[in-house]
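Just below is one structure, and these are the notes that go with it.
The values are calculated or read from the model by the stated rules, or taken from the named source; none is laboratory data. Keep in mind the model is a prediction, meaning the values are calculated, not measured. Backbone-built Cβ (ideal geometry, glycine too); neighbour counts: all protein chains shown.
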Amino acid sequence: MKALLINQPPQTQKFLEESGLATIATAEVNRLLVTLLPGVVHEINNPVGFVTANLSSMEGYMQSIGELADHFKRLTTLLGSRPNLTTEERELLDICKALAADADVEAAISDAPALLAECRDGMRRIQELAAALREVSLTGEEAQAGCDLHLCMETALRVIWNELKYTITVDRQYGEPLFLEAVSSQPLVQGFLVLLAHAIDCMGGEGAIAIETAVENEATLVRIFCSSQKFQENRCGADPAAARHFFGKCKATLNVVVDGPGRNVFYTVTIPADASGSNE
């Protein structure tokens, strides 16, 4: 098979700015966010929906329990100094029993932990999506150095998940935990997002993605292997050159190899030791 090798030498930030590639890269990520927004909103609405439904259920339970507690309070007050029940006391006791049966207090108490757990999970998902969007947003703020490489990849996957979760499998073959002391998370997340979008477009929305991380010769490597029976290079939307801009911020280089006539695409991101810092 004939392989098309796309490999450019590292570019400095000054040259990127002067060449206009920084502007192109920014526009590309903005285009991606607009394209992905409906899917992201869908992913946000799902957890919000079941959190809202569960809270409504809890409100109903609490209202019934509150009514029951009020009647029991009245009954306890009346029975406090009387050895025998009066007609009113008996009526109140019957009301409490009926209300307890109608409210199904045992079921309410039993369901409450699961409902609260789902609420917590929904809030966690919302927070993760919000954090992911914050990572890829172009605010111009300087991100602090130091990031978890695998967390950066997971953040990019979380943002773009709606585009691949039904028809593209993702196999994570992560190595040992990799903390990059001298690299900020934002350019890595943005670069990975552009690469994943490029791969999905090339794959026609179907196929398999394998992600591998490793440390070789003190450099940190991220390899992304994509395969699809519907591969078409000319379908690619996001320009991988935009990813070079973001990876260039942390002195990383990008290789893209397309297997012709076309079934696979391979991305390799190399972060040198002087950029990544210690990986201990």
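Things worth noting here:
- All conditions but one from (1) at pLDDT below 80; (2) part of a helix (DSSP H, G or I); (3) under 42 Å from the mean Cα position of the chain (by Cα) apply to residue 93; the one that does not is (3).
- All positions within the stretch 126-145 that are farther than 29 Å from residue 227 by Cα and either part of a helix (DSSP H, G or I) or modelled with pLDDT of 80 or more (or both): 126, 127, 130, 131, 134
- Among residues of the stretch 228-244, those that are at pLDDT 85 or above and either surrounded by fewer than 24 Cβ atoms within 10 Å (Cβ to Cβ) or over 20 Å from residue 23 (Cβ atoms) (or both), counted: 2
- Within the stretch 101-120, considering residues that are at pLDDT 75 or above and surrounded by fewer than 13 Cβ atoms within 10 Å (Cβ to Cβ), the one nearest to residue 60 (Cα to Cα): 107
To keep it simple, each residue is scored yes or no on (1) in contact with a Phe, Trp or Tyr (Cβ under 7 Å, 6 or more places away or on another chain); (2) not in a strand (DSSP E or B).
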position	(1), (2)
147	no, no
150	yes, yes
154	no, yes
160	no, yes
176	no, yes
183	no, no
201	no, yes
205	no, yes
215	no, no
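- Looking only at residues in the stretch 218-227 that are touching a residue at least 40 places away in the same chain (Cβ under 8 Å) and not acidic (Asp, Glu), the one that is surrounded by the most Cβ atoms within 10 Å (Cβ to Cβ) is 222.
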